[in-house]
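To keep things clear, I will list the structure first and then write my remarks on it.
The values are calculated or read from the model by the stated rules, or taken from the named source; none is laboratory data. Everything numeric here is computed off the predicted structure, so don't read it as measured data. Here the Cβ positions follow ideal geometry from the backbone for every residue, glycine too, while neighbour counts run over all protein chains shown. Ligands, DNA and RNA are excluded from the accessible area calculation, which covers all protein heavy atoms including side chains. Shrake-Rupley method; radii C 1.70, N 1.55, O 1.52, S 1.80 Å.
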Amino acid sequence: MGPVSTPLQALSGRALSRRQWMLGAAGAALGAGCALEPDADHAGPDAPEAGPLPGPLRTAWVFSSGGPRGFVHVGVIKALEELGCKPDLIVGSSVGAMVGALCAAGLPAAELQRLALELQPWQLVRWNPSGPERVSGSAIADLVRTQARVNLLQRLPTPMVCVAQRISDQAAIHFNRGDLGLAVQAACAIEGQFTPVRIRGERYADADLRLPLPVRLARGLGVRRVLAVDASAHEEQAPEGAQRYRAGDERKRALTRPDAQAADVLLHPEFGYYVSFSREFRERAIAAGYRATMAAAARVKALHQD
């Protein structure tokens with residue numbers, strides 16, 4: 001199917017607030033079909049859960065949340081591939097879980113970049129007419145399963161942890177076993193906007209508001225060394241007129257700061273304050289991730305030496 005025009009694409013050349021992004025996604029969902037039973041409880045044997053991880057866990061790559069800014073992760077992975085670096089574990093929050101899962105599945109960086117540049121907003125959403133959140137992320141689950149060619153987290157070539165927020169107590173929970181697509185969907189279910197994912201009676205959503213850069217979680221799993229990629233904005237570079245976004249940036253910085261300090265190598269690429277879904281923005285984000293990683297190549301390579 002060829003490209004289609006959506007409200008989100010119409011906004012893609014301008015700065016997108018979080019609300020504009022979701023309004024566009026909701027409009028795109030109208031033309032992308034409906035989610036069947038969006039609040040169904042997933043309680044079968046393949047429902048996502050935490051389980052033992054294979055060891056030793058010497059080096060982990062931690063990919064943050066960030067919405068469209070998450071395209072930067074693709075550039076980082078491209079550089080890491082060129083440097084010959086491989087992790088023992090990948091940990092991702094929100095969009096970091098989506099990109100990280102495809103990387104853990106073994107997609108080459110060139111294929112990951114092609115997918116990132118060709119992806120259309122309507123491929124990520126489905127309309128949910130039955131609940132307060134009008135958009136379901138079940139299409140994300142299907143996309144990840146199709147591209148990864150693996151259905152279960154424990155069958156990924158590289159161990160993977162998807163981080164989500166348990167809504168009942170706001171705890172950050174990790175999944176490393178069970179349905180890969182469902183775990184990524186839960187990690188990407190933006191609270192109050194995407195339909196939460198119900199797993200064994202509990203509802204899960206995006207951990208962006210709790211743990212956007214889950215470095216300390218990785219440490220708690222026994223990882224010795226961490227390469228962390230922070231896709232958040234550089235709030236100190238907010239241009240004139242962006243004050244209304246600044247509070248959200250500063251809230252996120254308060255959340256990421258302790259995890260950033262816990263990383264051995266932190267990459268926080270800069271590629272402009274405003275975001276969009278345009279190809280130019282995607283290419284710029286990918287290039288920034290690549291440059292930042294290559295600029296730190298000596299430290300990055302040392303991190304992966306036994």
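Of note:
- Net charge dipole size for segment 108-182 [Lys, Arg +1 and Asp, Glu -1 on Cβ; Debye, nearest 20]: 140 debye
- Rh (Kirkwood; distinct C-alpha pairs) - segment 156-243, Å: 14.5 Å
- A simple charge model with +1 on the Cβ of Lys and Arg, -1 on the Cβ of Asp and Glu and nothing else charged puts the dipole of the chain at about 340 debye relative to its Cα centre.
- Here segment 29-179 is described by how far its Cα atoms reach on the three principal axes: 47, 35, 26 Å, from widest to narrowest.
- Of the peptides 76-84, 116-124, the order by per-residue mean of other Cβ atoms within 10 Å, starting with the highest, comes out as 76-84, 116-124.
- Restricting the GluC sites (Glu not before Pro) of segment 251-306 to loop positions (DSSP other than H, G, I, E, B) with no more than 15 neighbouring Cβ atoms within 10 Å leaves 270.
- Accessible surface of the chain, 1.4 Å probe, proportion on carbon and sulfur as whole %: 51 percent
- Based on Cα contacts under 8 Å between residues 6+ apart, segment 174-306 shows a relative contact order of 21 percent.
- Most positive-pole-ward Cα, 223, 233, 273, against dipole of segment 217-306 from beta carbon charges: 223
- Dipole magnitude of segment 102-261 about its Cα centre (Cβ charges: Lys, Arg +1; Asp, Glu -1), debye to nearest 20: 560 debye
- Prolate/oblate/rounded label for segment 196-278 (Cα gyration tensor, a/c 1.5): oblate
- Looking at the chain alone, DSSP beta bridges between its own residues are antiparallel in about 45 percent of cases.
- Using C-alpha pairs under 8 Å with a sequence gap of at least 6, the mean separation divided by the residue count of segment 105-263 gives a relative contact order of 18 percent.
- Relative protection proxy for 245-252, 199-206, 181-188, from highest mean packing down: 181-188, 199-206, 245-252 (other beta-carbon atoms within 10 angstrom).
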